[in-house]
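Here's the structure we're looking at; comments come further down.
The values are calculated or read from the model by the stated rules, or taken from the named source; none is laboratory data. These numbers were taken from a predicted model, which means no experiment stands behind them. Counting neighbours? That spans all protein chains shown, and the Cβs are built from the backbone with ideal geometry, glycine included.
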Amino acid sequence: MDVFKTHVRELLAIPISDENFGQYTGLRPPFVSVHADNKRTFLAICPECDNPIQLVGLFRNQEDAAGRPYGRHVRHSVPNLARYDEDEYLACPYADPRYRKDDGRRPVNSPKGAMLRTLMRDRFDLIVADWERSAGIHMSVDYARRMLEGWKVNSGWLYYVANMHNLPWMLFFAAPAQPLVGRWIRKGSGLQRKLETLDRVRLGDVAPWYVQVSRVGNAYLDLSFLLWHRRIVIRDEHAEETFLLRILLDGKPVGRDLLVHADGRYLEGAHSRRGQRLLAVADEVLGHVRP
């Protein structure tokens, strides 16, 4: 992996470098362990699964450096740093793909599950915006409420497939096909371009950034979308998570599926303008979160 953090359940993913590690840890225990032969081991926490990791390749002489530093999981607890959780490791996007297993559910009292539910509640407006940006499908307040209520009914935070960076897409992943007729579609999106190729579909301007899906003529239009086929690929130590967005016409796939990237942009930085109506919905639906 190419990122680390220093405390469990925090929403940071710090790029691994000599400078960042020194700045965020102060090179103090438990982040640095000195052995009898004076060799040092550098430790931190995985931003995704909250398990301990070892940072390899830090503070090497330039002539000894072999590639960029990276992190790898330590499959045991590290005192004063993090407790090892085997199930969370196996579900982690950065887990060894030979062992990765993200089916099944977390325990009801899972701290990670409670953190994901809190994250969904506290950043719901940003999560909705991230969905729209990536998929091109606008979510009204009412539609967002319905999807969030479905996520709550199914205790979506307890599924190991859910992680810090993919919550917008977890609202739709494994959900039934969703109707597209009447939906607002973001102009310039891949979805708009795909729908423009369908003779039975009309896209009408409704706002500066949106078109609305309707039917041509009076014939019934059965048009829907489905989010499926989650995939994780590690490139240059960075985890890239994607989904496929399938368009269905009369229940049959239309051409090639659209690739949707789950990049977790809703986690980035501070946001001065927040969607208060969506935040109020999330607070009402999810309420107080207990670990």
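The listed residues are Leu55, Leu90, and the only one of them that is modelled with pLDDT of 95 or more and under 29 Å from Ala162 (Cβ atoms) turns out to be Leu55. Kindly evaluate Glu241 against the criterion of being touching a residue at least 60 places away in the same chain (Cβ under 8 Å), on the phi > 0 side of the Ramachandran plot and not hydrophobic (A, V, I, L, M, F, W, C). Spelling it out, it is not the case that Glu241 is touching a residue at least 60 places away in the same chain (Cβ under 8 Å), on the phi > 0 side of the Ramachandran plot and not hydrophobic (A, V, I, L, M, F, W, C). No other residue among Val108, Val128, Val56 is touching a strand residue (DSSP E or B) at 6+ places or on another chain (Cβ under 6 Å) and either touching a residue at least 40 places away in the same chain (Cβ under 8 Å) or not acidic (Asp, Glu) (or both) apart from Val56. Each residue in the range 106-118 was checked for being surrounded by 21 or more Cβ atoms within 10 Å (Cβ to Cβ) and among the hydrophobic types (A, V, I, L, M, F, W, C), and 1 of them qualify. Tell me whether the range 191-198 contains one or more residues that are under 13 Å from Ile247 (Cα atoms), touching a Leu at 6+ places or on another chain (Cβ under 9 Å) and part of a loop (DSSP other than H, G, I, E, B). Yes, the range 191-198 contains at least one residue that is under 13 Å from Ile247 (Cα atoms), touching a Leu at 6+ places or on another chain (Cβ under 9 Å) and part of a loop (DSSP other than H, G, I, E, B).
Scanning the range 67-89 for residues that are of a type outside the set (D, E, K, R) and in contact (Cβ under 8 Å) with a residue 40 or more places away in the chain gives Pro69, Tyr70, Gly71, Val78, Pro79, Asn80, Leu81, Ala82, Tyr89.
Inclusion of Ile185 among residues that are modelled with pLDDT under 95 and part of a strand (DSSP E or B) is not warranted. Within the bounds of the range 166-173, is there any residue that is in a strand (DSSP E or B) and within 16 Å of Leu116 (Cα to Cα)? No, there is no match, as no residue in the range 166-173 is in a strand (DSSP E or B) and within 16 Å of Leu116 (Cα to Cα).
The strands (runs of 3 or more DSSP E) falling completely within the range 36-105 that include 2 or more residues that are among the hydrophobic types (A, V, I, L, M, F, W, C) and surrounded by 14 or more Cβ atoms within 10 Å (Cβ to Cβ) map to 40-45, 52-56. Taking the range 117-143 as the range and being within 15 Å of Gly264 (Cβ to Cβ) and not charged (D, E, K, R) as the test, the residues that pass are Leu119, Met120, Phe124, Leu126, Ile127, Val128, Ala129, Trp131, Ser134, Ala135. Going through (1) among the β-branched types (Val, Ile, Thr); (2) within 17 Å of the chain's Cα centre (by Cα); (3) surrounded by fewer than 18 Cβ atoms within 10 Å (Cβ to Cβ) one by one, Val141 falls short only on (2). Among the conditions (1) surrounded by fewer than 19 Cβ atoms within 10 Å (Cβ to Cβ); (2) at pLDDT below 95; (3) not β-branched (Val, Ile, Thr), the only one that Met164 does not satisfy is (1). For the range 224-231, the count of residues that are assigned to a strand (DSSP E or B), closer than 30 Å to Cys49 by Cα and among the polar types (S, T, N, Q) is zero. Here the range 237-273 is the region considered, the condition is being in contact with a Gly (Cβ under 9 Å, 6 or more places away or on another chain) and either farther than 18 Å from Leu167 by Cβ or of a type in the set (Lys, Arg) (or both), and the residue that is surrounded by the most Cβ atoms within 10 Å (Cβ to Cβ) is Ile247. Before we move on, is Ile234 aliphatic (A, V, I, L, M) and within 23 Å of Met164 (Cβ to Cβ)? Yes: the conditions hold for Ile234.
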